[in-house]
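The values are calculated or read from the model by the stated rules, or taken from the named source; none is laboratory data. Values in this document were obtained by computation on a predicted structure and should not be read as measured data. Here the Cβ positions follow ideal geometry from the backbone for every residue, glycine too, while neighbour counts run over all protein chains shown.
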There are 2 protein chains.
Amino acid sequence: MAVTIRDVGARAGVSQATAARALGGYGHVSAAVHTRVKQAAVELGYVPNSVARALASGITHAVGLVVGDIENPFFSAVARGMSNVLDDNGHTLLLANSDEDLDRERVAIEALRARQVDSLVVVPSSASASPHLRAAAADAPLVLLDRTIPRLAVDSVTVDNKGGARRAVEHLIEHGHRRIGLVSDEPDISTSAERLAGYRAALLGAGIAVDEHLISLGGPTPEEGYRAARRVLEAPDRPTALFTANNFMTLGAMRAMRDLDLKVPRDLSLVGFDDLEWTTLVDPPLTVVAQPATELGEAAARRVLARLAGADGRPRRVRLETKLIIRASCASIA
Amino acid sequence: MAVTIRDVGARAGVSQATAARALGGYGHVSAAVHTRVKQAAVELGYVPNSVARALASGITHAVGLVVGDIENPFFSAVARGMSNVLDDNGHTLLLANSDEDLDRERVAIEALRARQVDSLVVVPSSASASPHLRAAAADAPLVLLDRTIPRLAVDSVTVDNKGGARRAVEHLIEHGHRRIGLVSDEPDISTSAERLAGYRAALLGAGIAVDEHLISLGGPTPEEGYRAARRVLEAPDRPTALFTANNFMTLGAMRAMRDLDLKVPRDLSLVGFDDLEWTTLVDPPLTVVAQPATELGEAAARRVLARLAGADGRPRRVRLETKLIIRASCASIA
DNA sequence: ACGAGGCGTGAGAACGCTATCAGACCGACC
DNA sequence: GGTCGGTCTGATAGCGTTCTCACGCCTCGT
């Protein structure tokens with residue numbers, strides 16, 4: 001059906017093997033044959049079959065990405081970043097969603113492995129090094145994105161969650177707040193644990209005792225964010241400031257404030273996580289800890305490329321900086 | 001390296017061919033051998049090599065998706081929808097970004113074709129049926145997503161843009177507005193042209209002459225939306241209502257209103273396109289034309305599956321409905 | 001002038017699977 | 001008892017590449 005390298009060879013009057021050499025740029029080919037073959041290739045519109053190439057060479061030039069949900073702006077930015085550098089290097093991105101479900105993640109990884117991806121980038125949905133991750137790491141470079149897993153010695157690309165959270169809470173403290181609530185994700189994922197640690201560190205650093213009642217955890221969805229926020233906001237002696245350490249939960253928390261008729265920053269100061277488009281559009285514009293999501297993806301892709309280029313050695317852990325973007329959602333306490 | 005079907009056969013004490021039959025479920029295999037082979041497969045942790053399978057069978061079970069930018073929430077929802085149905089059917093999604101650039105689109109499509117994808121889903125970045133699209137359509141089912149291309153007879157999955165836009169403008173008219181501005185994308189892409197047509201139809205239906213000065217077009221970015229909005233809002237005799245027919249441009253338009261100190265809906269009524277998370281969070285919550293983005297992706301994937309299952313016949317054009325979601329950004333004129 | 005060595009080329013094996021084909025074996029039927 | 005039809009199995013030919021090998025040729029050095 002399609003034109004193969006054999007057809008190209010035939011038209012150029014050489015064997016399939018020679019045509020392959022000319023096009024593949026390896027071995028020895030005379031200049032005359034080289035141009036002849038190249039021309040035959042364009043004339044016939046020859047496109048190398050990457051499936052055959054992959055089988056023969058054992059290299060697919062494909063990289064799998066497993067995220068919780070590509071609809072999450074953070075993950076789509078990551079995907080964009082990876083795609084940016086992968087596409088420029090002749091690689092293709094295979095995408096799968098895990099829905100933060102360990103079983104779906106397993107299935108996705110298996111499918112990607114069956115496809116012989118050269119490397120796998122995954123945002124692990126669980127904190128434990130499940131066997132399928134170890135297995136994946138065993139036969140192709142694995143890089144963990146955004147979240148790490150204890151006792152799994154592989155490359156990772158993450159963000160300084162603890163520092164970012166600490167900076168956010170310090171910002172609140174600088175405004176005179178001492179009762180600062182935390183709405184965050186379940187602490188069994190590393191990002192959440194680190195942000196919690198940053199929250200504690202900031203409080204401790206300022207000599208403020210941590211009140212566990214002000215910490216409200218839940219799943220990473222707007223709905224759970226809503227519930228978590230209400231829990232802490234409806235308690236007696238509610239906090240004067242809130243740090244929401246997850247973008248979807250920030251969304252829910254803001255709805256909770258609206259329903260509770262709490263105005264930001266008059267009744268409550270607020271710092272969120274992730275700098276998304278809408279954060280400048282709400283009133284007041286939101287002060288947030290920004291994560292370099294696209295860069296995270298790019299860094300992961302570069303890590304992959306480095307490993308594929310043969311970079312050996314022990315796991316490298318790349319950590320990018322977060323940045324506190326100060327807008328108008330924090331007020332000083334009288 | 002990896003365990004092959006030959007290894008499975010060896011362990012089960014049969015030939016590679018028989019093992020393949022047992023696992024592949026074709027031909028005749030005795031019950032005893034069947035179970036023996038299956039067990040050997042699990043014991044060895046056999047995972048079929050889909051690259052080899054693809055080469056031998058000519059079917060990759062891979063579908064390519066080319067969008068402008070996966071970071072656009074509309075496109076990530078589409079990708080999610082496709083992934084939903086594709087994953088459940090043993091297919092894999094290969095993702096590429098075109099940046100709305102014809103040349104990048106061409107490169108992306110070529111790469112995907114070289115990978116022998118069974119089918120291609122493209123959000124075309126140009127209105128003309130460029131040769132690479134025709135070529136792609138020639139050797140694998142092609143489905144156009146969101147936007148169509150005149151004179152390209154392939155499957156498409158779109159949304160009722162004209163009806164949605166018309167309904168939005170009618171909503172504004174019902175509030176007594178007669179000077180209604182339009183901020184939209186360049187009309188050489190079909191969605192924009194259709195929305196423009198819907199805008200005109202609504203006006204005409206109400207006996208209102210369309211004032212071309214109220215129509216402000218630009219690229220589909222927040223920045224261009226900002227410019228386009230300012231252009232129409234700073235003109236003498238500015239409109240009392242605005243319809244922004246693109247989600248990124250809505251974002252820009254809202255910034256323009258803020259800079260111009262125009263309050264919605266007091267100074268200006270507003271209807272946007274696309275129902276994103278943040279539209280309920282801004283003050284006032286935005287009235288928008290909602291598009292079923294995820295469903296769009298699912299429909300596209302189903303179309304692909306149908307074609308791959310052998311559904312022949314002339315191109316099918318699927319069109320989904322839009323829905324006006326009324327919130328609080330429109331006020332009646334005194 | 002002759003061997004060594006490099007260059008250019010074609011033949012062909014390998015990658016791991018699908019799928020066809022032919023042969024071995026069995027029971028059943030006339 | 002011989003033939004037929006069926007079931008089960010192994011051998012084997014691809015799929016379109018990559019890549020090794022062997023061979024012929026030319027050039028160069030001695």
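Details
Conditions (1) surrounded by fewer than 18 Cβ atoms within 10 Å (Cβ to Cβ); (2) hydrophobic (A, V, I, L, M, F, W, C); (3) not in a strand (DSSP E or B), marked per residue:
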residue	(1), (2), (3)
B:ASP188	yes, no, yes
B:ARG195	no, no, yes
B:GLY198	no, no, yes
B:ALA201	yes, yes, yes
B:GLY207	yes, no, yes
B:HIS213	yes, no, yes
B:PRO220	no, no, yes
B:TYR226	no, no, yes
B:ARG230	no, no, yes
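- Candidates B:ALA79, B:ALA31, B:ALA20, B:ALA108 - the one that is closer than 29 Å to A:ALA140 by Cβ and within 15 Å of DNA strand D (Cβ to nearest atom): B:ALA20
- Check on A:LEU133, touching a residue at least 12 places away in the same chain (Cβ under 8 Å), more than 8 Å from chain B (Cβ to nearest Cβ) and not polar (S, T, N, Q): yes
- Scanning the range A:90-122 for residues that are touching a helix residue (DSSP H, G or I) at 6+ places or on another chain (Cβ under 6 Å) and more than 7 Å from chain B (Cβ to nearest Cβ) yields A:SER98, A:ARG106, A:ILE109, A:ASP118, A:SER119, A:LEU120, A:VAL121.
- Residue in the range A:42-72 that is farthest from the other protein chains (Cβ to nearest Cβ), counting only those that are in a helix (DSSP H, G or I) and more than 16 Å from DNA strand C (Cβ to nearest atom): A:GLU43
- Once the range B:160-186 is narrowed to residues that are surrounded by 20 or more Cβ atoms within 10 Å (Cβ to Cβ) and touching a Pro at 6+ places or on another chain (Cβ under 7 Å), the residue that is farthest from B:SER216 (Cα to Cα) is B:ILE180.
- Lone unmet requirement of (1) in a loop (DSSP other than H, G, I, E, B); (2) more than 28 Å from A:TRP278 (Cβ to Cβ); (3) more than 10 Å from chain B (Cβ to nearest Cβ) for A:SER125: (2)
- Residues in the range A:238-245 include at least one that is within 18 Å of the chain's Cα centre (by Cα), surrounded by 18 or more Cβ atoms within 10 Å (Cβ to Cβ) and closer than 20 Å to A:LEU214 by Cβ.
- When B:TRP278 is tested against (1) of a type in the set (A, V, I, L, M, F, W, C); (2) closer than 21 Å to A:LEU251 by Cβ; (3) assigned to a loop (DSSP other than H, G, I, E, B), just one condition goes unmet, and that condition is (3).
- Options A:ARG151, A:ARG113, A:ARG134, A:ARG167; residue that is at pLDDT 95 or above, over 19 Å from the mean Cα position of the chain (by Cα) and farther than 22 Å from A:GLN291 by Cβ: A:ARG113
- Assessment of the range B:228-238 against the conditions (within 14 Å of another protein chain (Cβ to nearest Cβ) and farther than 30 Å from B:GLY64 by Cα) yields at least one matching residue.
- B:ALA77 more than 19 Å from A:ALA62 (Cα to Cα), hydrophobic (A, V, I, L, M, F, W, C), crowded, with 17+ Cβ neighbours inside 10 Å and within 8 Å of another protein chain (Cβ to nearest Cβ): yes
Conditions tested, residue by residue: (1) more than 12 Å from DNA strand D (Cβ to nearest atom); (2) within 16 Å of the chain's Cα centre (by Cα); (3) closer than 19 Å to A:LEU65 by Cβ.
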position: B:ALA41; (1), (2), (3): yes, no, no
position: B:ALA52; (1), (2), (3): no, no, no
position: B:ASP69; (1), (2), (3): yes, yes, yes
position: B:ASP103; (1), (2), (3): yes, no, no
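- Count of residues meeting criterion [in contact with a Lys or Arg (Cβ under 8 Å, 6 or more places away or on another chain) and among the acidic types (Asp, Glu)] in the range A:107-159: 2
- The range A:1-41, residues that are within 12 Å of DNA strand C (Cβ to nearest atom), assigned to a helix (DSSP H, G or I) and among the aliphatic types (A, V, I, L, M): A:ILE5, A:VAL8, A:ALA10, A:ALA12, A:ALA17, A:ALA19, A:ALA20, A:ALA22, A:ALA31, A:ALA32, A:VAL33, A:VAL37
- Residue within the range A:130-151 that is in the same structural domain as A:ALA301 (by TED's automatic domain parsing), surrounded by fewer than 18 Cβ atoms within 10 Å (Cβ to Cβ), of a type in the set (A, V, I, L, M) and not in a helix (DSSP H, G or I) present: no
- Residues of the range B:1-46 that turn out to be closer than 21 Å to A:ARG113 by Cβ, loosely packed, with under 15 Cβ neighbours inside 10 Å and out of contact with any Asp or Glu (no Cβ under 9 Å at 6 or more places or on another chain), as a count: 5
- Subset of the range A:54-67 (residues that are near DNA strand D (Cβ under 10 Å from one of its atoms) and of a type in the set (Val, Ile, Thr)): A:ILE59
- Qualifying residue in the range A:298-309 (condition: over 17 Å from the mean Cα position of the chain (by Cα), in a loop (DSSP other than H, G, I, E, B) and not assigned by TED's automatic domain parsing to the domain that holds A:ARG178): yes
- In the range B:278-325, the residues that are acidic (Asp, Glu), within 27 Å of B:PRO222 (Cα to Cα) and in contact (Cβ under 8 Å) with a residue 24 or more places away in the chain: B:GLU295, B:GLU321
- Checked against (1) small (Gly, Ala, Ser); (2) over 21 Å from B:GLY68 (Cβ atoms); (3) outside the structural domain of B:LEU268 (by TED's automatic domain parsing), B:GLY207 passes all but condition (3).
- Positions within the range B:169-186 being assigned to a helix (DSSP H, G or I) and in contact with a helix residue (DSSP H, G or I) (Cβ under 7 Å, 6 or more places away or on another chain), in sequence order: B:VAL169, B:GLU170, B:ILE173
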